[in-house]
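Structure first, then comments.
The values are calculated or read from the model by the stated rules, or taken from the named source; none is laboratory data. For clarity, every value in this text was computed on a predicted model and none was experimentally measured. Don't worry about glycine lacking a Cβ; one is built from the backbone with ideal geometry, like all the others, and counts go over all protein chains shown.
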Amino acid sequence: MKVLLDANIVLDYILKRSPFFEYSKTIFEWAFEQKIIAYISGSSVTDIYYLVQRAKDKNTALGYRYPSQFIIPTVHHSL
């Protein structure tokens, strides 16, 4: 199954935001286990960086690596 992740799902996971952290953790686990194909928009990546940097610090934002299972589609990539 292909899933387009909203930035808030990723933020819930990175920032461990209650009460949605457990739900986002499950989605990330599914992506790690390749039960889903997770997509995230390129613009979400920059939004997530900015918001994590403001909520935590720059090192936390720079240190986060998206799972290799996440696909950031380009203009020429079809879902």
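Things worth noting here:
- A Cβ distance below 9 Å, combined with a sequence gap of six or more or placement on separate chains, defines the contacts here; from the range 10-23, residues that are touching a residue at least 60 places away in the same chain (Cβ under 8 Å) and under 18 Å from THR46 (Cβ atoms) reach no residue that is among the acidic types (Asp, Glu) and exposed (fewer than 13 other Cβ atoms within 10 Å of the Cβ).
- Scanning the range 31-50 for residues being assigned to a helix (DSSP H, G or I) and of a type outside the set (D, E, K, R) gives a total of 10.
- Residue ID - nearest to ILE71 (Cα to Cα), chosen from residues in the range 5-56 that are hydroxyl-bearing (Ser, Thr, Tyr) and surrounded by 13 or more Cβ atoms within 10 Å (Cβ to Cβ): TYR39
- Being at pLDDT 90 or above and not in a helix (DSSP H, G or I) is not true of PRO67.
- Selection from the range 40-64 of residues that are hydroxyl-bearing (Ser, Thr, Tyr), at pLDDT 75 or above and under 12 Å from the mean Cα position of the chain (by Cα): SER41, SER43, SER44, THR46, TYR49
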